[in-house]
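S.K.: Just passing along the structure, written as structure tokens.
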Amino acid sequence: MTECWRDIPEWEGLYQVSDRGRVRSVQREVVCGRRHAVTRIQPARIISPYKVRSKTPKVALWRGGKALQIQVGTLVARAFGGAARGHNVCRPLPMPPGPRFIWSHERDEVRHGSR
């Protein structure tokens with residue numbers, strides 16, 4: 001089975017996410033230098049996720065010199081399943097093989113003690 005990549009909504013042309021939960025930057029031209037502007041090709045690369053307190057993998061997406069830290073599961077759900085207000089992404093228990101994500105309402109997570 002091949003890995004399917006899709007643009008991340010609101011980050012089109014900069015980042016993509018796969019159905020396996022991997023995030024990559026897209027190859028693009030960037031301008032370097034202030035005085036003597038030089039354009040170069042920024043190659044595409046896989047972004048390494050990290051975990052903070054929440055134990056869920058996150059990545060930092062950069063645009064305009066500012067970073068946004070966001071959960072990988074949220075990016076997968078937005079790209080492949082649409083976004084829903086008031087809902088978070090979680091993995092069902094028992095965990096199936098592979099990165100399969102589902103939407104969970106915030107009040108359900110509080111009720112089940114997963115927050």
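Every number in this text was worked out from the coordinates using simple rules, so none of it is lab data. Since the structure is predicted, the reported quantities are computational estimates derived from the model, not experimental observations. Because the Cβ atoms are built from the backbone with ideal geometry, glycine has one as well, and the counts that use them run over all protein chains shown.
S.K.: Once the Cβ-Cβ distance between Gln69 and Thr2 is put in as r, and R0 is 25 Å, what FRET efficiency do you end up with, to the nearest 0.05? Numbers along the way, then the final one.
M.R.: Numbers: r = 29 Å, r/R0 = 1.16.
Working from the Cβ atoms, E equals 0.30.
S.K.: Now for a separate question. What number results when the radius of gyration of the range 1-48, computed over Cα atoms, is divided by 2.2 N^0.38 Å?
M.R.: Taking N as the residue count of the range 1-48, the ratio is 1.40.
S.K.: Which order do peptides 37-49, 13-25 fall in by mean Cβ count within 10 Å, highest first?
M.R.: Working: 37-49: 10.9, 13-25: 18.0.
In decreasing order of mean packing, 37-49, 13-25 become 13-25, 37-49.
S.K.: Counting only other residues whose beta carbon sits under 10 Å from that of Gln42, what net charge do I get with K and R as +1, D and E as -1?
M.R.: +2
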